[in-house]
Structures are given as structure tokens and as C-alpha cells.
Amino acid sequence: MPCEKKPMRYGHSEGHTEVCFDDTGKFIVTCGNDGDVRIWEGLDDDDPRFITVGEKAYSLSLKGGKLVTASSNNTVQIHTFPDGEPDGILTRFTTNATCVTFNSSGSRVAAGASDFLVKVVRVGDSSDQKTLRGHEAPVLSVSFDPKDQLLASSSCDGSVVVWNIEDQSQVTRWTLLPKSNDVSNAKSLCRLAFQPLSGKLLAVPVEDKVHLYERDTWSHVTTLSDDLLSQLVNVVSWSPCGKHLAAASVGGVIVIWDVSSKLCLERQKHEKGFTVCSVAWSPCGSQLVYTDTEGCVGLLERVCERTSAHKAPQNSAAADFDDLFDGDDDGQMDEGVSPQRPRPPEDDDVITSTGRVRNRAAFLDEDSLDTGSLKLGAGGKFPHNDDEDDDDGGSSIAPPPVAPVSLQPVYDGPLPTPPQRAFQPGSTPAHLTHRFMMWNSVGIVRCYNDEPENSVDIEFHDSAVHHSMHLSNALGHKMADISQEAVLLACPGSDQLASKLLCLHFSSWDTCKEWVVDLPSEEDVQALCLGRGFVAVATSALLLRLFSIGGLQREVFSLSGSVVCVCAHGDQLCVVYHRGRGFDGDQALGVQLRSLGPRHRLILDQPLPLSPNSHLSWMGFSAEGSLCSVDSLGVVRMLNRSLGNSWTPVCNTRDTSKSKSDHYWVIAVHENPPQVRCIPCKGSRFPPTLPRPAVAVLPFKIPLCQTSTEKGQMEEQFWRSSLLQNHFGFLSSSGFEIDEEAESRGLKEQQELLMKMFALSCKLQREFRCVELAHMMSQNAVTLAIKYASRSGRMGLAQRLSTIALEKAQEEEEQEEEEEQEEPRRFKETPRLCARQTEEGEGGGGEEEEEEPRPKKRVNPFSKDAAAASEESVLKPVTVSRVARSNPFKVSSGASPAQPRGANILDTIPNRKSTPLSSSSSKSKQSPVLKPLAPRAKSKTQSTLLQLKPKRGEQSEERPDPRPDPRPEPKSREKSSDQTPNPEETENRRPQTGFQLWLEDHSKSILADSPDLDQSELIKEAMVRFRALSAEERLTWTERAKTAMADELRKRKRDEEVGDEEVGDEEASAKKPKSAGDKLSAFAFHAV
């Protein structure tokens, strides 16, 4: 039966990793690129012992309770095993020691280094050294002859040399390997090996085959190959009995041959196709352990058991290949089958009388094989090796097992991928002695797991948040998170203690700033995170437990699969879990995004995209609140809310890596400015804690095609800017203040890029592409495009662009009509604030409180009773409407200074309107009242594109002239005009926010504390105080603002209905014929 393949597990950081068994086969010993030697009691050992031997460990060997290692500190060290106590330095080199091995007795050690030397040192006396010189490049591997007379070595100069140890001379030399200048650049490690016991053969990996050389004659005896070996063979290893040879390639293929028959007994492939850099047999020969260049360890069990179980005991050891099969001719293949069974009458019948399928090899040679059962011998030829003519008389078939041949079909489809273990984003592996438990935009949590001290250090990037802390880690915390409010720690459970959750709530205003929660028995914390006001913990029971930041237990709900990681930002919570089992190296992960605000809702639940043959390495939110992910291949993806919650790759850290072994450890992502903050790790995936690593910044780059061209660069810049513009809308919808200047700057950048691409397309005579770009432009940008096309002599293109401009203008008009039909939703911020302050200063707070109840809002504002109560507040909006409706281009007469503009509380309206009129946005078109007064952007565009008549513009200038006429009319007439500013205010006003409502109630107290503050300084001071409030208080003010806005909208709608009735009465009275006296009085009024 085939061997059993155990799932691989993480052992060391990425890089070259070696492995070996101890003499008893109980321990597996590995060394890796992190400089540690780990001692595993089986592959399932989750807490291996370790020995730190240097910055990097390149090779190791174990024999007789002594462990020797070759490390990057130019030394070959020796330690006791399994205690791991240092036992001195055997020898030194001038550069890195690259390989080391014991002889069969454990009395001597051979080591090679990058200084081209090979040294043989006696273990008991390190002064007894022999130096072998002759290689012209770094040494790749060394191997002792079992008789301790010869030593074989390979080098980067392409040579394989056999040395006489005593004479320090070369016995023979072959040039078989590709040349390189360093071990790290070598295409193959060429880990050669002598055959154990007799030492008759030397196995050398050459290209995709293994050459066997005979001792003494050093002639090429035979070659072992396999169809699955398509890449260079990296390492070979003999079984303890010397009959089987294992080889591993850089493509991750492991093949085991029976050397005598040259038959392949086992074929295994690395689950991810990584390079296998070391293999080792167990002393009993039933297990084969191997490591890859990613630092992972794998195990094959029950290797070659079918051969060893079938073999009959031999009277004496085989002296050559022909003696290996002597004495086996009387054996039967199938147990319990009588040798006197008659042969079936028909030779073509494959099914025997017992119903068992006859071995197909029995039909190859009827004269030499028994038809009832297949005997062991050298007469049966294997079909694939019939043409070969070697010294052993051809390849024999593999000895069949004792049990009957299984007829079950062999599965040759995709192999399942081991699920990724849960991890904490921003942390390094838990087995490291010194590690980062968390590194994010708030601070760093380090863990030191030394024998004399087990502690946790907490450092904040901004010392104003909190000072650094040093904690004892007596409970053995493995996970941590840090935020602006608290520090969260968790430890796994044990037989005596339950899994614990510790929260240090340093932002609490009371004296108790720490709380601890014990999880139920047999339930461990697997992932945790801190949000704004909550704590989320994912456990091994597939539960997600929510706590308040003060320690109050909240919701508990089940997860759809095993958790991988969790992260939070504000009210958002992200959970990554396993949706199922992946295949061929891919992970099947899902992501859930929840909002834990006042209304708990699920935003998305979908598969998480990853690169092929990769796993998730980081998950988190950008500083602006967009969800981001990073996989093991360095691809950074961002959730694009504008494209139906799809994922867009924004950066690839591998593009900036200098070598394949270099990686970037991501700690944060920012959108404004767009950058990925990460730590470069040379030759590993994780940074060391000391010295403190430097943070690098990588820019965003969307992987579009042909980004080296000017067109590709502008396309990438445009779509990157469009993607990053999404977070403004998200922040605005979430109630956060946004940087309007940055938003407008981004929109302007997009229009400029579109114009540049339009000009480039015109030069390339791509007019259809120009039209496509015009559909993406604003109306003002289309106007510029028409001018450019006209000046370039492309009148046909200009005509098409004019049609597009007309369509955009019609769309804007339709949009305005829809807005007129809907309820007003936008109000001006500054005028409303000033109006409230003026009313409080003149009428006091009592009047404002009396106007808020609903019964008083129902009173007709045009009645005499309502006029007396709200005379002051009604007259001021009328004055504002007169000023807003006046012609800005008309020369003022002598009566204009009489207008109370200096005392007007809404003097800032013209200044605020002047900005959107010159911009490309459609904010200048607010309401039907403003259409004839300020149609500058629209009238200019239509006159340029559509060649409209100027009558409409003249009307817009003539209409405001007669507006001041009714100013001196009676008080009732002025009250009736109260309805005029309502449409303008309701269209231009923005929704009142919680901050504005809070400012209206607290402006007096702020001015009382600082009476010298002007309006802008007052708002700044109010913003500082508002931000200092708790999240619950800010949320309360926001809800109050929404309620007040809804009440005001309902009141305005009723006022508009009443106003329409009054206007109808006035128009009816205006249609009556005027008498001569009325005309004369009107003339006299105007003359005055």
C-alpha cells in the first residue's frame, strides 16, 4: 500500500531548512533561516524545544548525543542532545559555514564553507583538523565514506570531488553541476551521499537524474530517473539498509527507488510545489521527513513497507546485485493460494477461478513465470524498461505485497489543501522567543518569552494617548490588540486553567481600568480585536463573542466556519473564516463585514479573493475605513464599495522586492495619501524585534496593462484616483467630517487626467476613444474638449461632443426637476448657525423654546397673531431674499446705501455661491428661484455648445430689477412675501448635523469662556470640545439633529401650501384694472 503523507506544518521562517532524525527515531531536529534549531517530539509537537545558534543556521547533523550546526557566524558549533547545552566550537571559517555531517561512528565531523575549504575535525580533539583545498567556489555538501577513509564534496564551481582524508588529496574529480557564485544562487544543492554499510556506491544528483558511481573504480554504474522528475534534483538520501534511495527536486517531487531493480517505489509531490531542500530517513527506515524552502516540515509514514514485509530473511548479506534475489524462487505472491491450482483453460481469460484478477505481468513471459502466482525473480521484465541493458540484466518488477491486489481506482484529481490556521494580523509567529504580538497604527505590543523573564511591552506611537507599559506575562498571553481606548490580551487554556481574556481599559475615567473574563471550558480564544466601544473574540467553538469596552457581555452568534482572523475599525467588524476545503494549494476563505452601530446589520458576506497557491497574511482596515487584505504573494487588495463590494488590487509588494527571499510585512494602509506602510524583511517573512525595524512606504499601483506607456500611466492614475475618491462618500454617509478641499482636489485631478487622455487620443487619431472619454467628463470639461477638437480641425468630433454636452445639460435639468419635486434635504450650515445666534441674542432662549413645540408650528405664519410673535424672525429672511434677488451687475443708485446689508445676518451667501459657479459641479443649480438669477454656468455652456439665443440671459438680468418695488408697502404685504425665500433656503440648506445642534446649545457658554473669539475661531473651539465627547453623546446629538430636520421639513411644506394660496390671491388682485390714482401714487413712490 502507498505511504501515508502527513500535512506539512510551519517550522522556521522562509529560507533554507534542514532536518534529521536522532539515533532513536523519537525526535525530529530542524534548523532554519531564523537561526534556531528546533527539537520536535513528532510532527504534531506544538511546543518544540529550540536552540539559538546564530542569525542563520544552514546545516546540522546528529550522532551519539552530539548535535553540530553550521551557521552564518562562520563557526561549526556543537551542543549536547537533547539538552541543547553548548559544548564548544569545533572549527571556524572566514565566511559562512554551509554544510556539516558526522561520520558513521560519530568521531569526526566534516564541514564546508563559502571560503572554498573543507575541514575534517575530530570531535574529542578539535585541534586534530585536516583541511582539504581544491574547490574554486563555495562548498555545497559533504559526505563521509562509511569506512571513514574517503570524503565526497560538491561545489558551486560545478565539480564533485572524492578526497582521501588522510592524504588530503583528490582521488577523483567530475564536472557535473551548473556553476554559480554562491550557495544562495545555486540551482541545485547537490546533496550527495555514500551508500550506508558497504559504501559501494556514491549517489550524485545530476540535473533531473541521480548518477550512481562505483567505489574504487569510480565508474558510472547506472542512472536513476523518473518521468515525474522534470526539474533539477536537489538532494538524495539513502535508507539505513542501503537498498532504497530517496531523491527530492526543486519542483517539490520526492521519489524513492529500489536501487537493485531501479524500480520507483514511491512518488510524492509537495502540496504547494515548493523546493524540497532536505530529506532524512528514520533509523527504522519506515519514515521519511523532509523540509522546503518556506520553512515547513513534512513527513511520509509507512515508506516501502510492502517490500520489507514480503521479503524472506536472507542467510547472508548480499555481496552484489545478483545475490539480492537468491533463495526467493519458492515464494508465492498470494497467501493461502495452493500451488497445485490448475491453470485456467483459456489463456486470454484474465480472471482466475477464485475471481481475483491475474497479475498482468504473468502474461509477459509464460515460460519463466508460474501462471497461478507470480514468483520473485529476475526473469520478469517491467514493460517500461525493456530497452535498458544494465549490469543487473534488466529492471525487475517490484515485489508484490502479501495482501491481494486492490482493484480500487486511483484518485488522480486535485488534492485538498490543509486549512490555514487562525492568526492575528500584525503579529509574528507565536513560537518565536521575541515576537511582535501586535503592530498597528496605534502602537506596538512585544512579547519576550525568555526563561529568566516572560513579559509584555506596550508602546504607543503617540505618547499623548498613553505612556508605555511593561507587564508580566505569567499567564502566557499569545494574542493582543491595541487601540485608542484599551489594550486586549488573551491566553490559551490548559488542563488546569481556562482561556482568559484580559482588557486594560486605560481610557476609562474611573479607577478600575482592568477586567478579566474566563471563557467556558474547552473553548479557546483563536482571534480577537478592538473596535470603537466594543471587543470581539472568536473562539474554537465557532462562536463570536462581543463585549463592551467596559466588560459588559453583548451579543453571541455562531460563525459559518473556522475563524482565520478578525479586525475592526470604528463600528465595523470584519470576520474571515473558512468556507470549505480548498484544493491544489488554494484556500477557500469567506469574509463577513458587519456594522455594530445602533442598528446591527450585515454589510457583506462573500468569498475572499486570494492569489493562486497563496494564503491570507494580513487583514485590516485603512485609516479611512476601507477593508483591505494582503496575501502571501504580496498582493494588496481593497474593497471597492462603488463596484458592488468587489476587491481591487492596489499594490504588489513583490514588485519592489530585490530577491525572492525578501518580503514586506504590512502593518497599515492609508488612502489619503495612498500608501502601504510595511517593514522590509530581508531573507524572511517576519521582522526581528531588535533592532527596531524601520518602516517603509509603498505607493498604490493598480495592475493595468502597459503601465510603462504614457497612456497606461494616465489610465492607472485616473482609476486609482477614482477608487480613492470612494472613501469620501463613505465617511460622509457615516457621519464623519470630510476634507472638502481634498475631495475637490481629487475631482479636479480626475478631470485633468481625462483631458490629457483626450488630447493624447486626438493626436493618435482615436476619435471614438475621445467620445468614450467625453462621456466620463463633466459638462465644463466637455466644453474644453469641444474647443480643443475645434482648434485641432476635427469638426466631426466637435459636433459629436456637442451632442454629448446637450445630453448632459438635459440630464442636469431633469435632475433639477426631480429635486424640485422631492422634499428639500440640504440646508446651509453657516447662515443657520448665525441666525440661531442672532435670535438667541435678541429674543433670548425662552422664545426659541416656545417655537419648537409642534402646536405652534401649525399656526399660520401670515395671520396677525403669528406676526406679533415672529415679526423679527420673519422680517430678516425677507431682507435676505431681497438682497439675494438683486442684480449683482446693476449700478447702485442713491437709495442702495439705505439697504441694511451691514446688519444682515446672511451676508456670507454671495461669497459661498461664487465658488460653485466657477466649478464643474452642478451645485450651482439649486432651485427654480435661482435659475433666472444665477444661470451663469448653464447659460454659458448652452450658448457655447448649443448656440442658444441671448433672450433667456437678458430675462435673467431684467427680472430682479422690479423686485425692490414692494419694499415700502404695508406690514401685511411684507409678511405675505415671507414665502419667497423658503424655496431658496430649502434647496440650498444642507442637513443639520449633530455638531451644529450641539453648537447652537453651547455657543453662549463658549463665548462666555472666550468672549474674544470670532465666528471661525468659535467653530474651531466648538469642534475641539465636540470631539472630546464620548461616542454615545455624539450619537445622541446626531439623532436629535435628524429628528429636528424632519420636523422642520414638515413645517416648511405646510408653510409652502399656505403661501401658494396667498400668492394666488395677490395675483387675482393684481389682474384688476388700476385706477388713475393708483397709477399716480405708484409713480410718485418710484420717483421718491
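The values are calculated or read from the model by the stated rules, or taken from the named source; none is laboratory data. This one's a predicted model, so the numbers in the text were calculated from it and none came from an experiment. As a convention, Cβ positions derive from the backbone with ideal geometry for all residues, glycine included, and neighbour counts pool all protein chains shown. Just the protein is used for accessible areas: all its heavy atoms, side chains included, with ligands, DNA and RNA removed. Shrake-Rupley method; radii C 1.70, N 1.55, O 1.52, S 1.80 Å.
Does Val120 count as within 19 Å of Lys63 (Cα to Cα) and of a type outside the set (Phe, Trp, Tyr)? Step through it out loud before you land on a result.
On the way: within 19 Å of Lys63 (Cα to Cα): yes; of a type outside the set (Phe, Trp, Tyr): yes.
For Val120, the condition - within 19 Å of Lys63 (Cα to Cα) and of a type outside the set (Phe, Trp, Tyr) - is met.
Checking each residue in region 472-483 for being open to solvent by 10 Å² or more (accessible area, probe 1.4 Å) and not in a loop (DSSP other than H, G, I, E, B) picks out Ser472, Met479, Asp481.
Condition check ((1) within 19 Å of Arg302 (Cα to Cα); (2) open to solvent by 20 Å² or more (accessible area, probe 1.4 Å); (3) of a type in the set (Ser, Thr, Tyr)) across all residues:
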position: Gly15; (1), (2), (3): no, no, no
position: Asp23; (1), (2), (3): yes, yes, no
position: Ile28; (1), (2), (3): yes, no, no
position: Asp34; (1), (2), (3): no, yes, no
position: Arg38; (1), (2), (3): no, no, no
position: Asp45; (1), (2), (3): no, yes, no
position: Lys56; (1), (2), (3): no, yes, no
position: Gly65; (1), (2), (3): no, yes, no
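Filtered by the rule that a residue be open to solvent by 40 Å² or more (accessible area, probe 1.4 Å) and either closer than 23 Å to Ala527 by Cβ or touching a residue at least 24 places away in the same chain (Cβ under 8 Å) (or both), region 426-456 gives Ala430, His431, His434, Ser441, Asn449, Asn454.
The residues listed here are Glu1000, Glu1021, Glu1032; of these, the one that is touching an Asp or Glu at 6+ places or on another chain (Cβ under 9 Å), part of a helix (DSSP H, G or I), of a type outside the set (Lys, Arg) and open to solvent by 50 Å² or more (accessible area, probe 1.4 Å) is Glu1021. Per this entry, Thr101 is not counted among residues that are open to solvent by 40 Å² or more (accessible area, probe 1.4 Å) and at negative phi.
Quick check on this structure: which one of Leu265, Leu229 is touching a residue at least 60 places away in the same chain (Cβ under 8 Å), touching a strand residue (DSSP E or B) at 6+ places or on another chain (Cβ under 7 Å) and not polar (S, T, N, Q)?
Working: Leu229 fails: touching a residue at least 60 places away in the same chain (Cβ under 8 Å).
That would be Leu265, the only listed residue that is touching a residue at least 60 places away in the same chain (Cβ under 8 Å), touching a strand residue (DSSP E or B) at 6+ places or on another chain (Cβ under 7 Å) and not polar (S, T, N, Q).
Among the residues making up region 195-251, those that are out of contact with any His (no Cβ under 7 Å at 6 or more places or on another chain), outside any loop (DSSP other than H, G, I, E, B), farther than 20 Å from Tyr290 by Cβ and open to solvent by less than 30 Å² (accessible area, probe 1.4 Å) are Leu201, Leu202, Val206, Leu212, Thr222. Checked against (1) touching a Leu at 6+ places or on another chain (Cβ under 9 Å); (2) farther than 22 Å from Arg173 by Cα; (3) open to solvent by 50 Å² or more (accessible area, probe 1.4 Å), Glu266 meets all criteria but (3). Would it be correct to say that Asn449 is closer than 28 Å to Gln553 by Cα and either at pLDDT below 95 or among the small types (Gly, Ala, Ser) (or both)? In short, no. Restricting the first member to region 718-734 and to residues that are more than 11 Å from Gly746 (Cα to Cα), and the second to residues that are open to solvent by less than 40 Å² (accessible area, probe 1.4 Å), the beta-carbon pairs closer than 6 Å and six or more apart or on different chains are Trp719/Ile702; His727/Glu624; His727/Ser626; His727/Glu671.
Quick one: which of Pro691, Pro687, Pro674 is closer than 30 Å to Ser184 by Cβ and either polar (S, T, N, Q) or touching a Pro at 6+ places or on another chain (Cβ under 7 Å) (or both)? Even if it seems obvious, please write down each step before you answer.
Details: Pro691 fails: either polar (S, T, N, Q) or touching a Pro at 6+ places or on another chain (Cβ under 7 Å) (or both); Pro674 fails: closer than 30 Å to Ser184 by Cβ.
The match here is Pro687.
Here is a yes/no grid of residues against (1) part of a strand (DSSP E or B); (2) among the hydroxyl-bearing types (Ser, Thr, Tyr); (3) closer than 24 Å to Ala422 by Cα; (4) open to solvent by less than 40 Å² (accessible area, probe 1.4 Å):
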| position | (1), (2), (3), (4) |
| --- | --- |
| Ser629 | yes, yes, yes, yes |
| Leu633 | no, no, yes, no |
| Val636 | yes, no, yes, yes |
| Cys651 | yes, no, no, yes |
| Ala668 | yes, no, yes, yes |
| Pro688 | no, no, yes, no |
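Can you tell me how many residues within region 160-179 are aliphatic (A, V, I, L, M) and in a strand (DSSP E or B)?
Start the filter on region 160-179 by keeping residues that are aliphatic (A, V, I, L, M), which leaves 160-162, 165, 171, 176-177.
If we keep only those that are in a strand (DSSP E or B) too, we end up with 160-162, 171.
Total meeting the criteria: 4.
For region 499-547, which positions are aliphatic (A, V, I, L, M), assigned to a strand (DSSP E or B) and more than 25 Å from the chain's Cα centre (by Cα)? Break it down into steps so the answer makes sense when it comes.
Residues of region 499-547 that are aliphatic (A, V, I, L, M), as a first pass: 501-502, 504, 516-517, 519, 525, 527-528, 530, 535-538, 541-544, 546.
Subset that is assigned to a strand (DSSP E or B): 501-502, 504, 516-517, 525, 527-528, 530, 535-538, 543-544, 546.
Within region 499-547, Leu501, Leu502, Leu504, Val516, Val517 meet the criteria.
Residues in region 67-89 that are aliphatic (A, V, I, L, M) and open to solvent by less than 10 Å² (accessible area, probe 1.4 Å): Leu67, Val68, Ala70, Val76, Ile78.
Within region 499-522, the set of residues being charged (D, E, K, R) and surrounded by 13 or more Cβ atoms within 10 Å (Cβ to Cβ) comprises Lys500, Lys513, Glu514. Across region 93-123, the qualifying residues are those that are closer than 24 Å to Asp22 by Cβ and of a type in the set (S, T, N, Q), and the one among them that is nearest to the chain's Cα centre (by Cα) is Thr98.
On the stretch given as region 690-736, residues that are in contact with a strand residue (DSSP E or B) (Cβ under 8 Å, 6 or more places away or on another chain) and open to solvent by 70 Å² or more (accessible area, probe 1.4 Å) total 6.
In this structure, is Glu555 open to solvent by 20 Å² or more (accessible area, probe 1.4 Å), touching a helix residue (DSSP H, G or I) at 6+ places or on another chain (Cβ under 7 Å) and either among the charged types (D, E, K, R) or in a loop (DSSP other than H, G, I, E, B) (or both)?
Values: open to solvent by 20 Å² or more (accessible area, probe 1.4 Å): yes; touching a helix residue (DSSP H, G or I) at 6+ places or on another chain (Cβ under 7 Å): no; either among the charged types (D, E, K, R) or in a loop (DSSP other than H, G, I, E, B) (or both): yes.
For Glu555, the condition - open to solvent by 20 Å² or more (accessible area, probe 1.4 Å), touching a helix residue (DSSP H, G or I) at 6+ places or on another chain (Cβ under 7 Å) and either among the charged types (D, E, K, R) or in a loop (DSSP other than H, G, I, E, B) (or both) - is not met.
Checked against the criteria, Ser188 counts as surrounded by 17 or more Cβ atoms within 10 Å (Cβ to Cβ) and part of a loop (DSSP other than H, G, I, E, B).
Being open to solvent by less than 20 Å² (accessible area, probe 1.4 Å), over 22 Å from Ile482 (Cβ atoms), assigned to a loop (DSSP other than H, G, I, E, B) and hydroxyl-bearing (Ser, Thr, Tyr) is the requirement here; does Ser614 meet it? The answer is yes for Ser614. Sub-8 Å Cβ pairs linking a first residue in region 82-96 that is under 15 Å from Gly54 (Cβ atoms) to a second residue that is in a loop (DSSP other than H, G, I, E, B) and among the β-branched types (Val, Ile, Thr), at least 6 apart or interchain, are Leu90/Val123, ordered by first then second residue. Per the conditions (1) modelled with pLDDT under 90; (2) of a type outside the set (Lys, Arg); (3) assigned to a loop (DSSP other than H, G, I, E, B), the sole criterion not satisfied by Asp157 is (1).
Of all the listed residues (Val297, Val255), the sole one being in a strand (DSSP E or B) and either over 28 Å from the mean Cα position of the chain (by Cα) or on the phi > 0 side of the Ramachandran plot (or both) is Val255. Candidates are the residues of region 484-498 that are part of a loop (DSSP other than H, G, I, E, B) and among the hydrophobic types (A, V, I, L, M, F, W, C); the one that is surrounded by the fewest Cβ atoms within 10 Å (Cβ to Cβ) is Leu497. Criterion applied to Met1, Met8 was being loosely packed, with under 14 Cβ neighbours inside 10 Å, at pLDDT below 90 and either hydrophobic (A, V, I, L, M, F, W, C) or closer than 24 Å to Leu300 by Cβ (or both), and the one residue passing it is Met1.
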